[in-house]
Structure formats: structure tokens, C-alpha cells
1. Need one value for A:176-188: mean number of C-beta atoms belonging to other chains within 10 Å of its residues' C-beta atoms.
2. Quick check: the distance between the Cα centres of segment A:335-405 and segment A:146-224, to the nearest angstrom?
3. Where the accessible area of segment A:29-540 is counted over protein heavy atoms with a 1.4 Å probe, how much of it, in %, is carbon and sulfur?
4. Enter the angle in degrees (range 0 to 90, nearest 10) between the Cα long axis of helix A:71-82 and the first principal axis of the Cα atoms of chain A, meaning the one along which they spread out most.
5. Averaged per residue, what accessible surface does chain A expose to a 1.4 Å probe, in Å²?
6. Compute the distance in nm between two label points, each set 7 Å from the Cα along the Cα-to-Cβ direction, one at A:TRP494 and one at A:PHE326.
7. Give me the distance in nm between label points sitting 7 Å out from Cα along the Cα-to-Cβ direction at B:ALA36 and B:PHE87, one decimal.
8. If you line up the long axis of helix A:286-299 against the longest principal axis of chain A, both from Cα atoms, how many degrees apart are they, to the nearest 10?
Amino acid sequence: MTTVPYSSSLGRETTYLNHSHKIRSWLLTLDHKRIAILYMISITFFFMIGGAAAVLMRLELMTPQGDLVKAETYNKLFTMHGVMMVFFFLIPSIPAVLGNFLIPLMVGAKDLAFPRLNLASWYLFMIGGLFALASLVAGGVDTGWTFYTPYSSTYSNSYVVLAVVGIFINGFSSILTGLNFIVTIHTMRAPGLTWFRLPLFCWSLYATSLIFILGTPVLAITLVLVGVERIFHIGVFDPSLGGDPILFQHLFWFYSHPAVYIMVLPSMGVVSEVITCFSRKRIFGYAFVAFSSVAIAVLGFLVWGHHLFVSGQSIYGGLIFSILSFMVAIPSGVKVFNWTATLYKGSIALQTPMLYCLGFIGLFTIGGLTGLYVASIAVDVHVTDTYFIIAHFHYIMVGGAVMAYMAGLHFWWPKMTGKMYSEWMGRFSALLIFVGFNLTFFPQFILGYLGMPRRYYAYAPEFQALNVLSSAGASVLGVGYLLPLLYLLWSLRWGKNAGPNPFRATGLEWKTSSPPPTENFEKTPIVNEEAYAYHRMEMTGDTVATH
Amino acid sequence: MSSQHVISAKLYTVIYILLMVLLVVTVGGDLMFESAMFRTSFALGIAVIKALLVVLFFMHVRYSSRLTWVFAGAAFVWLFILFALTFNDYFTRGTAPERLFEAPVGGIVVRQTPVNPEHEPSSVMQRH
Amino acid sequence: MTPSQPIDPHALDRHHVQGLAHHFDDMDQQHEAATLGMWAFLATEVLFFGGALAGYAVYRSRYGDAFAAASHHLYLWIGVINTAVLLTSSFMMALAVNAAKHGNRKKVVTFLILTILLGLAFLCIKGIEYYLDYREHLVPGSIFEANWHEMFPHIDGAHPGSMMFLRQVQLFLMFYYILTGIHAVHMIVGISVMIVLTVKAARGRYTAEYNSPIDMAGLYWHFVDVVWIFLLPLLYMVQH
Ligand code: HEM
Ligand SMILES: [Cu+2]
């Protein structure tokens, strides 16, 4: 790309957004900030498809009988919902949107280490998404997002191969993103920016990237093996050859348990940034928070067998996996304690990003603690494959990860677009999402505990009241998600100018203009203080003008 | 360039000759030794040596930064995790506590063989 | 990179350094980034093959007899020749990298071409081997089912135990084709990359200062070699 003068003749600043408006300049951009925007638009699109499937499921579950859709359709709906939400929304959400935008800014670099790979990774993501969509248009997939063999490889009469190819390609997009982050954080930090001065967001994305590069390839080869088995009608998970379907589950969860940490580690990074800013305090126990991210990434690889407790895995195997699962709770607990300690005696401002973060802490704690329930073998035998599991992971993935994504989006929106959204609308929809979420998913804990199985389109009549409650909550949640879409878009045109640092936050990304220029900084910044020096900022009085 | 170590063509040649010799040795071992167990370990042992030679010299890890060692090592640590915890399941299949109720003889568990292994596909994996 | 004294990157006039991308400060930083990126990618590759190898190991620990019997039907000598070809190709690649560091354009091109030719030779030999396997009916599925008594004449097909054995033989063959297949795909990718590099090298795009791409392609190529070093004993020399 050609370099552009910092100020154009019109007197308006040239930013990464307005230096060219040609569609080509977007589709061929190597600028990490523009690629982040491309990702943002794409994952919003996939979120809406996954959301539509969820709406239909919740409608079906209003009544105990299967009346709205056929059983097969319902199976296809929850599969599409899972595939879209997990692989095409949540996994890329914070890393590929916020991480892409922020990591170079936070480390004081002009771009990620490999800009071309970055663009390639977006294209891979889109191609993967197209395959997944093609499987939907062709007639859908009914295996569940977990693709368990031998159903997926032998018996399912749906478009498994298309979906599997889509997820395989999407995996390479993740790998390239992770690789880019790791190399950028290692080699491109600004002078003076030591590891222990890095924002915790960078630490958590570094840990996430480790999972990207070390876990994703195992999923990739597993999907290849499933594809081969399906296409050639003979393969390595086939019991009639002496193959073991449980081997598939081992390989699948070797990636997919760590993948849940791909979703939640970046969220923890966002929370560390927001909590400090809106309590005007440095983080409590920086090193603990930083290293617990790495510990979670590593320990997360040792627990996958807790998804196989009832599968036919050996009982000794299950015991070991159960004990190891309890260990992961330790670093997660460390983080929650450190955030709470950061809040203690802070001057707390309940602005939109902060509301989302407080929601995250509460809901993540519930999700994590119920994780311990299901990691105990005896309890899991009772609740496995029931709505209890659904509630558990939605508390973490929606109550946790999506909340944190919303927090990050609202926190950095002024930086990304240069515009402020309406604070009142922000607070209102944060509240709406919190209420809607709990209304939707808390009843599911009870339903599951009472024995309602997951993945059925009909259920026993005594479960109806709680299911109606859940569906009602889902509609509140739906409105809660639609509002930000509207007022954020509204802010692009009518929002007030944000100025470089509307929240008076520390961090290099706030030291450049909003939106930043293509080269990020006029001049490579030099860092001479720790991250989150809010105590210093409060004492000296902040110089940067606020809105 | 200052930061990069250049390995001489001579050293490369020595490594190459070593690799070819080791290849001949593997085949020789495979044809010569009697014990199956020994032949397997021998072939794999030589493969490890050959791989180390390639990684250390052809891929110049020997002269690379600590970070390169860490990343090259991490791949194998993770591979170890995958193998160890997977085999932790497979090697203990069918030795589960429920078997203790069957027929303990002098502290040793006597296992029943499935009646018809053809019958239940998954029981195939439980036999040793 | 945490230098004790701050350096001003603008002091460097980077517009005259060939091959330095705009967002790096200097060649060292760029080379460090490329190397680290390549090793992170190779770690990914280790786990990609590792997933399949874990499956292989599980079944081999169970079905040692069948795996050994099946392995003995493969062409060990073709496997060995191909190993020699690939090791030689790696050697040529190492020499190409060495020549690149000395800025010797002619040698770089020559050695790269030799590397490519040997890689192609490997693929041709592998193709011939697949054809021979096919002629012997060593193909899992209906072909094997219809012809297994040619390969295992001493086996009584009526006995349920031997049926299991024959199926496990096919399980081994699945791994044989999948592992060698994905290895071959990696070879094809590597060869394609090196063809591009050869053209660029011939046009003088690389110098003694700037040759990271050749270095990185070398790392990848040697890695593919290492995979094969393990596939040889794991596929062709199974004992029980
Ligand atoms: C931190 C973020 C977490 C996320 C995003 C998450 C997500 C999930 C998901 C998606 C599932 C269901 C998978 C399926 O079958 O479709 C699940 C199940 C499970 N989770 Fe979590 N989880 C998290 C934390 C934990 C923790 C901390 C533990 C235990 C220490 C845990 C233990 C379990 C267990 C044992 C199951 C399997 C239950 C069953 O299927 O019977 N999870 N989780
Ligand atoms: Cu899990």
C-alpha cells in the first residue's frame, strides 16, 4: 500500500478508515485495523445465522409436542447453531476482531508481523464460512457440532462433508491468526515495553494463540479422518474394522476442550483492561493474572476426557481426567479473586463496558463452578446430556465470552470508529442482556437437574413452565443484542467525536488519535512505565481531553 | 549477517553421510535381528537419531536462539500429552473397579473373556 | 526485543534495504520474526501428523499381529530408496541455504532445482509404489475383501477370529494411505513454494543479507523429511 500524508489538504485527519473508500482498498488491505473490521462484519453475520437457528429452537420448545418443525429439522437447527456460534462466531470473536485491531497498537507496532498472512486468514475464514453455509443451504447437517462417529461418518444422511471441510479451512484461519499474534508479541514490542509492562490483554491473547497453534491441527486431522471415512465408506473409526469411535472423541476433545479456553481467555483479557480503567486502579497481582493465563492454556490441554465420562472410556482414565479438571479451576479462581481485589476501594464508574464486565465476573463464576459439578464423575453421570450441560456452557460462552466481547466492543468502539455511542442506550441494553440471559439459562439448570435431555425437539409436559420461561428470556436477550447493533451503527453517523482517549485509559492504543492513522503512530512510542498506571494518572491529573 | 550462524557445506556433507549410513543400518537391523521387540525399538531409535541430526544441523536448531528450542520442544511436549492421556485410557480399559467384583483370586483380578467378540463392536477394544 | 537504550527507528533509512518490509525496524527483527513464525507453524504440523499417529499407535498396540502381517506386504525396498532420495533432497536444500547465506546466486538456483527434482522423483516413486500396491490388491475395502486369500493363503475365512484379523489388516492399510497421502500433499506444497523461490532467486531477489524465504522453505522441507524418517519404520518395518 502506498503511504499517505498524515493530514490531507481538507484539514481533516487521514485515518485508516478514510484514506481510501474504494472497495478494493478494503478487500486487499494489509492493515490489521481494516482486517479487524472485515472480521467484525463477518462474525456479526454468522452470529445472526446462529441466532436465527436459536430463535427457531426456542419457539419449538415453547410446547412439549414437536409441532413447529420436524425432528430432523430440529437436529439440523441445533447443529447449525453450534457450528456457527462456536467455530464462526465465538472462536474468532475477540481474537480476530479486537486482537487484530489492538495487539499492534498495544505493543506500539505498525502492524502485525505478517500482514499478508493476516489477510489470507480472513479469506480462509470466509471460504470456510461459505462451505458451512453451503451445507446449510444444501439441506443441513444433523450430527451436532461435535460430529461424533460413527453417526457422522456412516449413518447420517446429511451434508457432513461440506460442514467438515468448512471447519477444516476455518481452522487454518485460526492457526495463522495465532501464529501472527505470537510472533508479533515476541518480536515487535516498542522500546521499553518489557513483558511485564504488557497489557494483560496481550498476555491472554498470547496464551490463546498457543492453543490455536497446538490444538487446532489435531482437530484438523481428525476432521480429515472423518471426511475420508465418509467419502470412501471405510475408515479408522469404523467399529466393523476394529476401529474405535471413542478414539474420535479423544481427538475431537483434545482440541475442543482447549477451544473453550480460546473463547474465555481473551474475555479475561478484556475484563482486566476494563476493570482497571473503570476503577481507576492498577490491577491487583499483575504477575498472577498474567501467568494464570498461560497456566489455563497449558492445563486446559490435560482435561479433555471429562467429556467422555459416560462414553466407554476406562474408569481409571475418567478418574485422572476428573482430578485434572479440578486443577484448571485454580488459575481461573485466581483471576476472579484478583479482579475483585482490583475493584476493592476503587473509584468505580458504572459505564457500559464496566457493566458488561461485572456481568461477566458473576456469570463466569457460576459457569465455572457448575463446571466443577460436571467434572465430578458421579454428578456427571446424572446430568450428562441434559439441559444442565447446556446451562453450564452457556453461562460461560454467552454469559462469559459474549458479554466480554460486548464489553470490549463498547470499550474500544470509540477508538475503532472515533465516535461515541449513546451511553444510556449502552447501559440499558447491558442490563437487558443480563436479565434476558439469566431468564433464558437459569431455568435450564433446573430442567437438566430434573432430567430433561438435550437435543430433543419434544419433551415431557411437566417441563413446559420452565421452558416457556426460557423462551421468554430468549426474546429479551434477542432485543438486548439487537439494540447495540442499531445504536452502534447510529453512532457512526450521528455519534459525538470521541477524541483520542474518552475513558482516560492507560495503554498505547489510547495515545494515538481515534480512529488511528494507517501507520498507527506518528512515531514509534517509547514506554517507560508499567501497564495500568492509573494511580499515577489520578495524581498528576490527566492531560488528555475527554469528551 | 551478524545474528545468523552459517553452517559450512562441509558439516552438511558429514551429516548427510551419517544419515545415509544410519539408513543402511536400519535396514540391516531389520533383516538381521531376531526379536521383534528389539527390531522395533532399534528401528525407532535410529529414526530418532536421524531426526535429531536433521533438526539440529539441517534445521540449525543447534545454533538457534532459546526461543526456537522452546517452540520446537513445545510441539513434542504437546504430542506427549496427547499420547499419554489417550493411552491412559486405552491401557486401563477393562481393568476398571467393577471387575473387582467378578473373581478376585489372591489379589489378582481374573478377567472374563467376552463370549462372542463379533457381537459387540466396542467390546473389541476391551480385549488385549 | 527489549533493548536497554531506546533506539530511534527513524534513524534507519529503510527505503534502501532490499527486502525489508515497512513495518519492521531492521533485517534482524524481520529475520527473527520469520524464524519464530516458521517454528510455530512447524509445531502445528507436528500435532497435525501427531493426531493421526496417536490413532495409529492405539490400534497398533491392540492389533500388533495384523499390523505386522500387513506391513510385510508393503515394498520395504521402495520405502528405503525413497528415504535415500528424500534425505538427498534435504541435503541439497541445506546446500542451497548455505549458498544463499554467501549470496551465491548461481549455486542457490542450482541446488534449489536439484532439491525440486529429487522431490519430484520421490513423488514419482511413491506413485509407482501405489500402483504396485493396487496391483497386489492392497487396497482396503471391496478390492481387499475380494482378493485377500492371494495375500494370506493360510487363513481360514470361515473362522470369526480370522475375519477380525483381515479387517485389522485393512485398518493398517488405511493408516498407510492416509499418512503417506498427507505426507505427499506436504511434498507438493513444498515443491510449489520452491519453484516460486527458484524463479525469484534466478531474478536476483535474494542477497547475502536478505534470504529468509529460502531459509524458511528449508526448515519446512527438512520437516517433511523428518516426518518421512518416522514413517519408514512405522509403516514398512512393523514387527510383532
Ligand atoms: C472456561 C470456559 C468453559 C467453557 C467455554 C466450557 C464449555 C463447555 C461446553 C461447550 C460443553 C459441552 C460440550 C458438548 O458436549 O457439546 C462443556 C461441558 C463440560 N464442561 Fe465446560 N466449559 C468451561 C469450563 C469448564 C470447567 C472449568 C470445567 C471443570 C473444571 C468444565 C467441565 C465440563 C465438563 C465435565 C463437561 C462435560 C459434561 C457432560 O457432557 O456430561 N468446564 N463445557
Ligand atoms: Cu471440557
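The values are calculated or read from the model by the stated rules, or taken from the named source; none is laboratory data. Worth saying up front: this structure is predicted, and the values here are computed from it rather than measured. Virtual Cβ from ideal backbone geometry, glycine too; neighbours counted across all protein chains shown. All accessible areas refer to the heavy atoms of the entire protein, side chains included, with ligands and DNA or RNA removed. Shrake-Rupley method; radii C 1.70, N 1.55, O 1.52, S 1.80 Å.
1. Working: counts 3, 0, 2, 8, 3, 1, 6, 10, 4, 0, 8, 14, 7.
Across A:176-188, the average partner-chain Cβ count within 10 Å equals 5.
2. So the separation of the two Cα centres works out to 23 Å.
3. On the way: 12080 of 16710 Å².
Exposed carbon and sulfur together represent 72 percent of the surface.
4. The helix A:71-82 is inclined about 30 degrees to chain A.
5. 36
6. 5.7
7. Taking the simple label geometry, B:ALA36 and B:PHE87 are separated by 1.8 nm.
8. That works out to roughly 30 degrees.
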